[in-house]
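For reference, the structure is listed below as structure tokens.
The values are calculated or read from the model by the stated rules, or taken from the named source; none is laboratory data. Predicted model, so just to flag it, every value in this text is computed and none were measured. A quick note on method: Cβ atoms are made from the backbone with ideal geometry, for glycine too, and the neighbour counts reach across all protein chains shown. Surface areas here come from the heavy atoms of the whole protein model, side chains and all, with no ligands, DNA or RNA. Shrake-Rupley method; radii C 1.70, N 1.55, O 1.52, S 1.80 Å.
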Amino acid sequence: MITLVAALSGSVLLSACGSSSNTAPVVPSTPAAAAVRTIVMVWDGMRPDAINQTDTPNLYALRQSGANFSDNHSTYPTFTMMNGSSFATGSFPKTSGFYGNTFWTPPQGSGNTIPAGAGANGAAQDYVDPVFTEDYQVLSTLNTYYGGQLLLVKSLFATAQSAGLVTATIGKSGAAYIQDLAQGGYFLDENTAAPYSLVTDLQTNGYALPTNVVHGYSGANTVTLSSTNGNPTGRAGYIQFNTAAYDPNGVITIPARDASDTTQGAPEDAANKYMMSVFTSYILPVKKPMLSLIWFRTPDNVEHGYGPGSANMKAGLHSQDQRLGELITALRANGLDSTTNIIVVSDHGHSSVSGPLSLYPLRNITASTTVPNGPLVNGSTSGTNTAAIGAVATSGGYSFSGDVRSADLLTFRGFKAFDGSKCATDSMYGLNAAGVPTVPVKIDTTGALCGTAGTKYQAISSTLATPVASFPVPAPGSLPTNGIVVAANGGSDYFYVPGHDATTVQNLVKFLQQREEYGAIFVDSRYGSIPGTLQMAQVNLENTTRQNNGQPDVVVSFNWDSTVSIQGYPGIEFESFGAGQHGMHGSFGVTDVHNTLIANGPSFVAGTISNPSGNVDVAPTVAYLLGLSMPQADGRILNEALVTPASKSAATVVPSVVTPTAAATGLRFELPTDPTGATADSALTVGSYTINLNVKDLTIDGKTYRYFDSAKAVRQ
């Protein structure tokens, strides 16, 4: 494999197609002469420091013989779909107008219009609450709602198709589809295949199909699965155990992820192998795409469930590396290895979920005495085992802290806040050194709080005179005056203030500044200069078209610390409540922002590229390699890595720190261990809050490109 990789010497980016259209992509008789076949392979959540000869031998060899971008940057907020749109358009939200992963569409006009449609599973999708966009049907509905302009600029795939190039994309739901919203190429993801002609071609040639494909076609194009189809993209849920650690009385149990599990591996391994097989054995040799995108949810999925450095995370690395090996083998078998560029890129890095270890020390996990009790799902274990949260760890250990429910904290303090979720529990809410839970679990015995008797919940607002434990968004037109809708995303939260009341926004900002779980705060410039904050425009988040219809009013990164390590990997952060994850991304932290970019093939030189680069640079670079251009892109062509660059000019790079015009003062900082806010941090008595936004400005050919390294809240 190393010999094969050495034969390759270049790379390019991203391709994707998604469609429920019945029209096959146009296959030109004469492809663009200048185009070099390019395959972009996205390793979701791949940290650059996880590449090594043991866990990722194929990727390690590809990096050694190709161009390694050692200072690459994810688009902030560092979420999958946010960066999916950057790969698609070469742009930031200020240009593309897209705000995934989860965002809210405020009701519009006198009729309080909101999107309406089904999800990939065929069930009606809720758009009253913030919507999760990793679903091709959700993206299709939103694209229709926005008049075909979910992305406000022409994508790389649309550009390639306009030039007559055949494109293909496979992989992760939502992330692959957003590359080709116009549905002009071949497409296979975890839920469907398109166009309809590809569905029939695959069935005719004996390939199984994703089971949800039946929900995307009807009438004359109804799809019937064969009796032997099975569920090729099915994957198991995370291995869990039940713990009573969050009940002060030690009785009520809630589920927790077993970060020490070694039985499951990567639960999406079989699904990824199936999709790669369809690509390498059929789409690549038969449809002959010139631009392809392969995006799998590995290692991100296992990092979320078990954390960076865990045994299952390393199994995910092995799984993804095997898929890369299968791709390279297929290129060689088809005689394409020396004429194809491969770009391996990640959408973001990844961090462990945890509060400060001084408040929430790591804990051992007492190993399970039984195997998980669920059935095998595509070869992966599933279900619950008998593991347990153990004592405070003297070395090693796992986190059981870091989750924050913004709507609950805000409601307790008198705001009218909603996040679209109902009563829920979370084992990452935090256990202090004495084992005392930050938010204890309770049971709604009557159903008065949660709607169903016997429901478990964790919510400090349940102690109010008028108790609250569920936070669904009111029906369109019913949101209270100065209400706040929270789109909980993971490493950052979005806050929508539909009434745009300046006082509400100022009070919200002060609350966020005083709570130590939150980090850097960015506010829509319509509210003027608020002390201690930066404007969203300063990090490319303001879009005039979306300002009242999808763009948040306030974006906040959760607090992070890149100096703390868990299971051998540096970087911790707080995250949005609800998922109970051991790993997360989305923050403005170092280990989320800095991600992987490696290019190998005939168009690329070998060696380390030290200039800063970004995910927004991939699309314009790939377009150039295809003999095309993307003049609306915010990114640049990565000329320093090209055998035949568009420009040979040298770049200058100047680092700097951007800070607010004035710090916020007179604040009282509140410890995460007390969500009521009653306990002040006695170590921070000055009462000031500001932000350090670390940037690098690269100037070339008279134009400057800004790369964001991190944004850190500074409290004194």
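A cut-off of 5 Å between modelled amide H atoms, ignoring neighbours fewer than 5 places along the same chain, links F558 with S492, D493, G519, F588.
Per-residue accessible area (protein heavy atoms, 1.4 Å probe) orders I700, I342 as I700, I342, starting from the largest. Distance from the C-alpha centroid of the stretch 500-569 to that of the stretch 39-54: 30 Å, rounded to the whole angstrom.
Between the helical axis of 136-145 and the longest alpha-carbon principal axis of the chain there is an angle of about 80 degrees.
What the Cβ-Cβ distance of N432 and V714 gives, at R0 = 22 Å and to the nearest 0.05, is a FRET efficiency of 0.30. Normalised by the number of residues in the chain, the mean separation of alpha-carbon contacts (under 8 Å, six or more apart) gives a relative contact order of 22 percent.
Couplings for the stretch 380-394, taken from phi via the Karplus curve 6.51 cos²θ - 1.76 cosθ + 1.60 with θ = phi - 60°, read 9, 5, 8, x, 10, 10, 9, 5, 8, 6, x, 6, 4, 7, 7 Hz in order; Gly and Pro are left as x. Projected label points at S529 and Q64, each 7 Å from Cα along the beta carbon direction, are separated by 5.4 nanometres. Per-residue extension of 0.36 nm, minus the Cα-Cα distance of V214 and A650, leaves a gain of 151.6 nm for this segment.
Residues in the stretch 677-687 carry Karplus couplings, in order, of x, 6, 9, 7, 7, 6, 7, 10, 10, 5, x Hz; the curve used is 6.51 cos²θ - 1.76 cosθ + 1.60 with θ = phi - 60°, and Gly or Pro positions show x. Note on the chain: antiparallel DSSP beta bridges, both residues inside, total approximately 65 percent of the bridges counted. Given R0 = 60 Å, the distance between the Cβ atoms of A453 and K288 translates into a calculated FRET efficiency of 0.50. Ranked by the mean number of other Cβ atoms within 10 Å per residue, highest first, peptides 554-567, 219-232, 197-210 order as 554-567, 197-210, 219-232. Over what distance in Å are the Cα centres of the stretch 415-457 and the stretch 221-256 separated? Their Cα centres are 20 Å away from one another.
Couplings for the stretch 550-559, taken from phi via the Karplus curve 6.51 cos²θ - 1.76 cosθ + 1.60 with θ = phi - 60°, read x, 7, x, 8, 9, 10, 10, 7, 5, 5 Hz in order; Gly and Pro are left as x.
Using a ≥ b ≥ c from the Cα gyration tensor of the stretch 146-195 (square roots of the eigenvalues), is it rounded, prolate or oblate, where a/c under 1.5 gives rounded and otherwise the larger of a/b and b/c decides, a/b for prolate? Oblate.
Going by average Cβ density within 10 Å per residue, which order do the peptides 76-85, 466-475, 267-276, 654-663 take, highest to lowest?
76-85, 267-276, 466-475, 654-663
Under a 5 Å amide H cut-off, with hydrogens placed 1.01 Å from N, F92 pairs with D634 among residues at least 5 apart or on other chains. Each DSSP beta bridge with both residues in the stretch 77-217 is either parallel or antiparallel, and the antiparallel ones are about 60%.
Work out the length of the dipole vector of the stretch 335-461 about its Cα centre, built from +1 on the beta-carbon of each Lys and Arg and -1 on the beta-carbon of each Asp and Glu, and round it to the nearest 20 debye. Present the calculation step by step, with values, prior to reporting the outcome.
Details: 7 positive and 7 negative charges, 96 e Å.
Result for the stretch 335-461 is approximately 460 debye, rounded to the nearest 20.
Label the stretch 420-484 by shape, choosing from rounded, prolate and oblate, from the square roots a ≥ b ≥ c of the eigenvalues of the Cα gyration tensor; if a/c is under 1.5 it is rounded, and otherwise prolate applies when a/b is larger than b/c, oblate when it is not. It is prolate, given that a/c is not under 1.5 and a/b is the larger ratio. This model, with +1 at the C-beta of Lys and Arg and -1 at the C-beta of Asp and Glu, gives the chain a dipole about its Cα centre of some 700 debye. Is the stretch 363-454 best put as rounded, prolate or oblate by its Cα gyration tensor, with a ≥ b ≥ c the root eigenvalues, rounded for a/c under 1.5, and otherwise prolate when a/b is larger than b/c, oblate when not? Oblate, since a/c reaches 1.5 and b/c is not below a/b.
One chain, two ends: R668 and T144. Fully extended at 0.36 nm per residue, the span grows by 184.0 nm beyond their Cα-Cα distance. Our estimate of slack between S197 and T463, defined as 0.36 nm per intervening residue step minus the Cα-Cα distance, is 90.0 nm.
Spin-label model, D49/N334: points 7 Å from Cα along the beta carbon direction are separated by 3.7 nm. The accessible area of K442, taken with all protein chains in place and a 1.4 Å probe, comes to roughly 80 Å². Placing R0 at 41 angstrom, the Cβ-Cβ distance between T369 and A124 gives a FRET efficiency of 0.45 after rounding to 0.05.
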